[in-house]
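Remarks on the structure that follows.
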Amino acid sequence: MAVLEAKDVSMYFGELAALKEINLSVEQGEILGLIGPNGAGKTTFFNCATGFLTCTRGDIFFKGQNITRVPGHRVCHIGICRTFQIVQSFSEMTVLENVMMGAFCRHPNTSNSMHSAQDILDFTGLADKRDQIAGSLTLADQKRIELARTIATEPDLILLDEVMAGLNPAETEEAIELIKKIHQKGLTIIVVEHVMEVIMNISHRIAVFDSGELIVEGPPEKIVRDERVIQAYLGEEYHA
Ligand SMILES: Nc1ncnc2c1ncn2[C@@H]1O[C@H](COP(=O)(O)OP(=O)(O)OP(=O)(O)O)[C@@H](O)[C@H]1O
Ligand SMILES: [Mg+2]
């Protein structure tokens, strides 16, 4: 069974169709790359799948359950968590407290939440920064905190919206390694990213959005040779 399935999902902002009849699913354990030009509808798709927006038409299912109208704060309990394109750490709080905010989803008791958050800090390589104020850290660390807080909610599916944007090559490499490590825990992942090296490196399958439409989906090596993708997004054929 698909972990996430969108059926005929459309999202209108007034006259603007940000998503047009999207049919897309992601299978258990898969890493799906989602690419497309600015304004293609990638973040809107994430917003609809996580209850930040209710799509205008169509339905979204999580493990067979219709979640189209489930509000954002419930989606996390069901097992979906996302990161934000603009980093959203609690900048006045420590790294540990930030991750505890995620852990509270499963561990309402403070000491259990702290224990769980500490494990996640070890896992994500943030342990030595646990008492630092999140807002004082580099963008790369703040993005890492966001990833840590996301997995602290113990999700089955995570949606990553440009978690590597703005990172230098070394930081990007570290972020890729962390995402692969998270995937090895058994999570299903949808990743939005503009850096093609990253998408090609981690995706099992890629879906391409353009002007709200899903124009093509398939294995990475097929996608980068697809004429529609080259026209709409890549500009020229991608070579690793
Ligand atoms: N809340 C909103 N109200 C009105 N229009 C919106 C809203 N959110 C998104 N849009 C519009 O919907 C379209 C899709 O935007 P979206 O943010 O989903 O694109 P994207 O693929 O994530 O782009 P980018 O790569 O730049 O992040 C754009 O035209 C955008 O301006
Ligand atoms: Mg976006």
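Some observations on this one:
- About the centre of its Cα atoms, the range 91-154 shows a dipole size close to 120 debye [charges on the beta carbon of Lys, Arg (+1) and Asp, Glu (-1) only; nearest 20 debye].
- Karplus (6.51, -1.76, 1.60) ³J(HN,Hα), θ = phi - 60°, over the range 85-92, in Hz, Gly and Pro reported as x: 4, 9, 4, 10, 8, 7, 5, 8
- Along the range 51-65 the Karplus relation, 6.51 cos²θ - 1.76 cosθ + 1.60 evaluated at θ = phi - 60°, assigns HN-Hα couplings of x, 6, 9, 9, 5, 5, 9, x, 9, 10, 10, 10, 6, x, 8 Hz to successive residues, with x for each Gly and Pro.
- Bridge type composition, the chain - antiparallel percent by DSSP, nearest 5: 55
- Q132 long-range amide H proximity, modeled H, under 5 Å: V95, L96
- With contacts taken as Cα pairs under 8 Å at a separation of at least 6 residues, the range 105-240 carries a relative contact order of 15 percent.
- Projected onto its three principal axes, the C-alpha set of the range 84-240 covers 54, 28, 26 Å, listed from the longest axis down.
- Counting only GluC sites (Glu not before Pro) that DSSP places in a loop and that have at most 13 other Cβ atoms within 10 Å, the longest clean stretch of the chain runs over 93-235.
- Global form of the range 1-72, assessed from the alpha-carbon gyration tensor, a/c cut-off 1.5: oblate
- Restriction of the trypsin sites (Lys or Arg not before Pro) in the range 144-219 to DSSP coil positions whose beta-carbon has at most 13 other beta-carbons within 10 angstrom yields K185.
- Positive dipole terminus of the range 133-189, leading residue within H183, L167, G135 (C-beta point charges): H183
- With contacts taken as Cα pairs under 8 Å at a separation of at least 6 residues, the chain carries a relative contact order of 26 percent.
- Computed over the range 1-158, the Cα gyration tensor eigenvalues convert (square root of 5λ each) into semi-axes of 31, 17, 13 Å, ordered from largest to smallest.
- Rounded to 5, percent antiparallel among DSSP beta bridges of the range 76-202: 10
- Residue with peak Gaussian network fluctuation, the chain [Cα springs, cutoff 10 Å], from C76, C48, C105: C105
- The range 175-239 and the range 35-97 have Cα centres spaced 19 Å apart.
- For the range 29-36, 3J(HN,Hα) per residue [Karplus equation, 6.51 cos²θ - 1.76 cosθ + 1.60, θ = phi - 60°, Hz, x = Gly/Pro]: x, 8, 10, 9, x, 10, 10, x
- Remark on the range 91-154: Rg and Dmax equal 10.2, 30 Å (Cα only).
- Helix-only mean residue ellipticity at 222 nm for the chain, each DSSP H run of n ≥ 4 adding -39500 (n - 2.57), per residue, nearest 500: -10000 deg cm²/dmol
- Remark on D210: its backbone amide H falls under 5 Å from those of I215, a criterion applied only to residues 5 or more positions apart or on other chains, H modelled at 1.01 Å from N.
- Here's how it looks for L53: its modeled amide H is under 5 Å from those of C48, which are all 5 or more places away or on a different chain.
- Projecting the Cα atoms of V192, G51, V87 onto the dipole axis of the chain, where Lys and Arg carry +1 and Asp and Glu carry -1 at the beta carbon, places G51 farthest toward the positive end.
No value in this document is a laboratory result; all are computed from the given coordinates. All figures in this text were calculated on a predicted structure; none of them were measured in a lab. Note: ideal-geometry Cβ built from the backbone for every residue, glycine included; neighbour counts use all protein chains shown.
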